[in-house]
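Here is the structure we will look at.
The values are calculated or read from the model by the stated rules, or taken from the named source; none is laboratory data. Note that the structure is predicted; figures quoted are calculated from it, not measured. Cβ placement follows ideal geometry from the backbone for every residue including glycine, while neighbour counts extend to all protein chains displayed. SASA here: full protein model, heavy atoms, side chains in, ligands and nucleic acids out. Shrake-Rupley method; radii C 1.70, N 1.55, O 1.52, S 1.80 Å.
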Amino acid sequence: MNAAPAGRKRRRGAGALRVLGIDIGGSFLKAAVVDARGRMLTERLKLKTPDPCPPKVMVRALLQLVKPLTGYNRIAIGFPGVVRDGRVLTAPHWGNREWAHFALARTMSQRLGNIPARLINDAEMQGLAVIHGRGLELVLTLGTGAGTGLFRDGEIMPHLELAQHPLHKNDTYNGYVGDAARKEIGRKRWNKRVAHTIEVLHTLLHYNHLFIGGGNASRINLRLPKNVTLVSNDAGIDGGAALWRPGRAPPF
């Protein structure tokens, strides 16, 4: 189904929070409508990310993706890069120059009937759906590249673009544990790299808990430390509800 049954909508009331969650990835675009608790009210729709993908192409693809979805009154977008005040600052997958300062939140709001929209880093949006809200918590997403989101007592910390930071020789986190590396070196060696990445991140941040998500999290087959948890890839959409809960505002 593409939308919640009419009866369900009436029971929730006209003022109930219904968020269109959009998860932008280097390989796929995903979207669904979720309620205030992050529970999906529709099926999750999926579309291959265009390549190349400048802003106009991305917006066109997102509009195509979400066209079947209705009944939402807020929009939450997770983007794989540095974002601030509803604008994209960096877009490593598609070119920083073309994307610099593009007002993605405002553009999507206008194109979807002026429904309020918020934009956040994709790993941070995933984190909003899974963190415990206690201590220092880190989210690592493993997909086309590697993304991170850091939280302290439930609050989003300033974004660290660790994916672009050197990790091993000339490899960034993206190059070391991204999808291209997995395909090149095979699953066994890639898992060893993931284990090393977990160790490095703990040494760097001394987090209380690490959550690993993204499309390649399901390919991890190593014994994880007790304070490391694998999470559903749907969290990249579910977290959109938390972004719109009362008292929550975009961090930057």
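Per residue of the stretch 184-194, what does 6.51 cos²θ - 1.76 cosθ + 1.60 with θ = phi - 60° give for ³J(HN,Hα)? Whole Hz please, x for Gly and Pro, Karplus curve as stated.
Computed from phi, the couplings for the stretch 184-194 are 6, 9, x, 5, 5, 5, 5, 4, 5, 5, 4 Hz.
Fully extended, how many nm does the chain gain between residue 136 and residue 155 (0.36 nm per residue separation, minus their Cα-Cα distance)? The partial results should precede the final answer.
On the way: separation 19, 0.36 × 19 = 6.84 nm, distance 0.95 nm.
Taking residue 136 through residue 155 to full extension adds about 5.9 nm, to one decimal.
Residue by residue, what Karplus-based ³J(HN,Hα) values in Hz, rounded to whole numbers, does the stretch 61-75 have, using 6.51, -1.76 and 1.60 with θ = phi - 60° and x for Gly and Pro?
Once θ is set to phi - 60°, the couplings for the stretch 61-75 become 5, 5, 5, 5, 4, 8, 3, x, 8, 9, x, 9, 10, 8, 10 Hz.
Can you give me the accessible area per residue for the stretch 142-252, using a 1.4 Å probe, in Å²? Before the final figure, lay out the partial values.
Numbers: 5720 Å² over 111 residues.
Result: 51 Å² per residue.
Which value results for Rg/Rh of the stretch 95-221 when Rg is the Cα radius of gyration and Rh the Kirkwood radius based on the inverse mean 1/r? If you can, show how the numbers build up before the last one.
On the way: Rg = 16.0 Å, Rh = 15.8 Å.
Using only Cα positions, Rg/Rh for the stretch 95-221 is 1.01.
Among DSSP beta bridges whose residues both lie in the chain, state the antiparallel percentage, nearest 5. Working shown, then result.
Values: 25 of 43 bridges.
For the chain, the DSSP antiparallel bridge percentage is about 60.
Which pairs break 26 Å Cα to Cα here: 48/183; 188/226; 30/183; 169/226; 30/188?
Numbers: 48/183 19 Å; 188/226 21 Å; 30/183 23 Å; 169/226 29 Å; 30/188 28 Å.
The pairs that break the limit, which is 26 Å between Cα atoms, are 169/226; 30/188.
To the nearest 500 deg cm²/dmol, what mean residue ellipticity at 222 nm is calculated for the chain from DSSP H runs of n ≥ 4 alone, each contributing -39,500 (n - 2.57), summed and divided by the residues? Show your work: numbers first, answer last.
Values: 9 runs with 80 residues, N = 252.
So the helix-based figure for the chain works out to -9000 deg cm²/dmol.
Taking the dipole about the Cα centre of the stretch 137-196, with the C-beta of Lys and Arg at +1 and of Asp and Glu at -1, give me whichever of 162, 145, 190 is farthest to the positive side.
It is 190.
For the chain, what relative contact order do you get, as a whole percent, if you take Cα pairs closer than 8 Å and at least 6 residues apart?
Numbers: 533 pairs, mean separation 52.1, N = 252.
Taking the mean separation of contacting Cα pairs over the length of the chain, I get 21 percent.
Sort 175-187, 211-223 by the packing proxy (mean of other Cβ within 10 Å over each peptide's residues), most packed first.
Numbers: 175-187: 16.2, 211-223: 17.7.
In decreasing order of mean packing, 175-187, 211-223 become 211-223, 175-187.
I'd like to know how the stretch 146-252 sits against the 2.2 N^0.38 Å rule of thumb: what's its Cα Rg over that expected value? Write down the numbers at each step before the final one.
Numbers: Rg = 14.8 Å, N = 107, 2.2 N^0.38 = 13.0 Å.
Here the answer is 1.14, to two decimals.
Can you list residues whose amide H is under 5 Å from residue 84's amide H, if they're 5+ apart or on another chain and H is modeled 1.01 Å from N?
So residue 84 has HN proximity to 89.
So if I take the alpha carbon set of the chain, get Rg, then get Rh from the Kirkwood formula, what is the Rg over Rh ratio? Intermediate results must be reported in sequence, preceding the final value.
Working: Rg = 17.6 Å, Rh = 18.3 Å.
That ratio is 0.96, to two decimals.
In nm, to one decimal, how far is the residue 115 label point from the residue 196 one, both placed 7 Å along Cα→Cβ?
Distance between the two pseudo-spin positions: 4.4 nm.
For the stretch 119-173, what log10 I(q)/I(0) values come out of the Debye formula at q = 0.15, 0.17 1/Å, with one point per alpha carbon and no solvent?
These q points yield log10 I(q)/I(0) values of -0.42, -0.52.
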